[in-house]
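Have a look at the structure below, then the notes.
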Amino acid sequence: MHWIHLTDEEQLKQIITRSQNRPQVIFKHSTRCSISSVALQRLQKVDQPSDIDFYFLDLIAYRGLSNRISEMFKVYHESPQVLVIKDGDCIYDESHLGISMDEIIDSAHAA
């Protein structure tokens, strides 16, 4: 799995811009949460689609950025959490053990 590490707000602007051409996924991971580790392992066991960019946010190290994501995309903060960004909007978000690559792919490819 190729993760792009999300570490600053400038990258959020790039995610919005890039989402006009291809879906962008943000995975918010808590290094202190065993459920978050399970969700991460489940994602990493599956082949990553080549037409979607995947961003990894360590929300313990970058809590302010995690809060900004919640504000920008109008989603309630959860951990772990995955967001699919398409055409500048969050079109899908899921948390905890509801996170699955199949659902990410389905939502990213929905018309």
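The values are calculated or read from the model by the stated rules, or taken from the named source; none is laboratory data. If you're wondering where the values come from, they're calculated on a predicted model, not measured in any experiment. For neighbour counting, all protein chains shown are included, and Cβ atoms are generated from backbone atoms with ideal geometry for every residue, glycine included.
Things worth noting here:
- Matching residues, region 11-70, being of a type in the set (Val, Ile, Thr) and either surrounded by 13 or more Cβ atoms within 10 Å (Cβ to Cβ) or under 18 Å from Tyr92 (Cβ atoms) (or both): Ile15, Ile16, Val25, Ile26, Ile35, Val38, Val46, Ile52, Ile60, Ile69
- Some residue of region 10-33 being touching a strand residue (DSSP E or B) at 6+ places or on another chain (Cβ under 8 Å), polar (S, T, N, Q) and under 16 Å from Met101 (Cβ atoms): yes
Residues checked against (1) out of contact with any Cys (no Cβ under 7 Å at 6 or more places or on another chain); (2) modelled with pLDDT of 95 or more; (3) small (Gly, Ala, Ser):
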| residue | (1), (2), (3) |
| --- | --- |
| Leu12 | yes, yes, no |
| Phe27 | yes, yes, no |
| Gln44 | yes, no, no |
| Tyr55 | yes, yes, no |
| Asp58 | yes, yes, no |
| Ala61 | yes, yes, yes |
| Glu94 | yes, yes, no |
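- Tally, over region 80-106, of residues that are surrounded by fewer than 18 Cβ atoms within 10 Å (Cβ to Cβ) and within 18 Å of Gln48 (Cβ to Cβ): 4
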